[in-house]
Structure formats: C-alpha cells, structure tokens
Amino acid sequence: MERDVIIACDFASKEATLEFLDKFAGEDRKPMVKIGMELYYAAGNEIVKELKARGHKIFLDLKLHDIPNTVRKAMKVLSALDVDMVNVHASGTKEMMAAALEGLTREDGSRPLLIAVTQLTSTSQEAMNDQLLVAGDINDCIAHYAKNAKEAGLDGVVCSPLEGGLVKEACGKDFLTVTPGIRFADSAADDQKRITTPARAKEIGSDFIVVGRPITAAADPVAAWRRCVADFCD
C-alpha cells in the first residue's frame, strides 16, 4: 500500500462510527480507518465487515500480546476478516511475533500487513525507565524492538513519528513505520508525549500516520482529513 492517512475511529459504538464516516460519503476515495480496542470490543466483527463492505481499508489495532500459541490461533481468526493491517506488541518476543505471522498467513500465502508496537506514544523516557524498568535510551529500545520485528518476518512497526527515521536506519527503507502521535501545529497534544505534524512525519520517514482527535473532533472532519492528506500524501 502507498503512504496513507489512517483515521482512528475511537468511537464507543457501531452507530457513532457509521454516523461519522457518513460525512465522507461524497469523497472520491474512502479514508483508511483504524478500529481499535474500544470499538472492536463494542461492535466486534460486525463493524469490520460493515466498513469493508463500504470500501474502507482497515487497520485492526488490537495489539496482541500473549504466549506464542495463543497469538498464533488468534491471528488465524483475524486473518479471516480480510482486514488490511493488524498488530502485536514487539515486547512479546520474536517467537511470539513469528507465531503471529504464521497464524495470519492463509493457505494461499496471502495475509494482511503485520506490524509490531515498539513503545506507545504515551510512554515517556522516564516512564519506560522507572515504571517499566526498561533501562537505557527510549530510541535505542525502539530500534532494538524494530530489529526484532524484522527478524521475525514482520512488515514494520508502530512508533512515534519522531522515531520513523531511526527505524528506517536500523531496518531499511522498505520496513514500514506506522505512526500515531500526529497533531496539527495548532492542535492540543492531549495525552500523547512524542508527537509531530503530518508534514514533519512525512519528512522523517513515516509510511502511514494514524490521526484521531485532530480529525474526529474537528468542526469539519472531512476538511481536517483532506488537510492531513495534502500535508502527508501529496
């Protein structure tokens, strides 16, 4: 897939999600969307099937993290949903990530993109060191997790846009970076710690940006999405 803007549909119901996406009915192409834990736990596979039927590409953001056998079996189930991208936590080990890839791959060899979360964009250097007891520099940790994901056969990682360049340096230009923590220069940071603008994310090396509240809470969500696309994709 080409560089794209992914709208984080962090809504509490199927109805709220569809009402929001109805605003994009007049667009020539449907925006790619992220279905995260809140929406998936509320609406399940039904919302995935509905959005696929409407023509949206889907990043199913469930961040699997369990023993390898459990993740393998879960990914086999998710593979049948025909989403475009799924993820795991890189901290689950290379063995777990390889098991996820195995479960996700269909008999004909096809599969969604599989990426791994390095460090959440809400995690600061201090929190990583003091609360998670992960020593060292957060950038070194992210690069190491990215290398592990590549060695396990994954397509890329989730990282903040600030780390997109270092991931490319560590893993090569074809290794995907999916970056939340995107805000317009005139937007509030909310609970994100490591953030930047769509244009800067493009410069640093992001392949996909995940944008939530700057679009979903905007007075004109379609205009905000178009602004992101213009800054990041064009």
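Some values worked out for this structure:
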| read-out | value |
| --- | --- |
| Per residue solvent-accessible surface (Å²) - the chain, probe of 1.4 Å | 46 Å² |
| Per-bin percent of Cα-Cα distances, the range 81-153 [5 Å] | 3, 16, 24, 20, 16, 10, 6, 4, 1, 0 |
| Cβ-defined net charge surrounding D66, 10 Å radius [Lys, Arg +1; Asp, Glu -1] | +2 |
| Global size of the range 8-133 as Cα Rg and Dmax, reported in angstrom | 16.0, 49 |
| Under-5 Å amide H pairs with A8, H placed in peptide plane, nonlocal only | K34, V211, G212 |
| Percent accessible area from carbon and sulfur atoms, the range 1-141, protein chains only, probe 1.4 Å | 48 percent |
| Summed side-chain charge close to K168 - residues other than K168 whose Cβ falls under 11 Å, Lys, Arg +1, Asp, Glu -1 | -3 |
| Among the listed pairs K14/K63; K49/K168; K34/K202; K23/K150, those beyond 27 Å (Cα-Cα) | K49/K168; K23/K150 |
| Calculated from backbone phi, Karplus (6.51, -1.76, 1.60) coupling profile of the range 169-175 in Hz, x at Gly/Pro | 5, 6, 10, x, 5, 8, 7 |
| Label point distance in nm, Y41-H144, each placed 7 Å from Cα along Cα→Cβ | 3.0 nm |
| Taking all pairs of distinct alpha-carbon atoms in the chain, Kirkwood radius in angstrom | 17.9 Å |
| Stretchable slack from E95 to D66, in nm (0.36 nm times residue separation minus alpha-carbon distance) | 9.4 nm |
| Listed residues T93, P180, M128: farthest to the positive end of the dipole of the chain (Cβ charges) | T93 |
| Dipole magnitude of the chain about its Cα centre (Cβ charges: Lys, Arg +1; Asp, Glu -1), debye to nearest 20 | 300 debye |
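The values are calculated or read from the model by the stated rules, or taken from the named source; none is laboratory data. Computed from a predicted structure; not experimentally measured. Cβ: placed from backbone, ideal geometry, glycine included. Neighbour counts: every protein chain shown. To get the accessible areas, we keep the full protein, side chains included, count just its heavy atoms, and leave off ligands, DNA and RNA. Shrake-Rupley method; radii C 1.70, N 1.55, O 1.52, S 1.80 Å.
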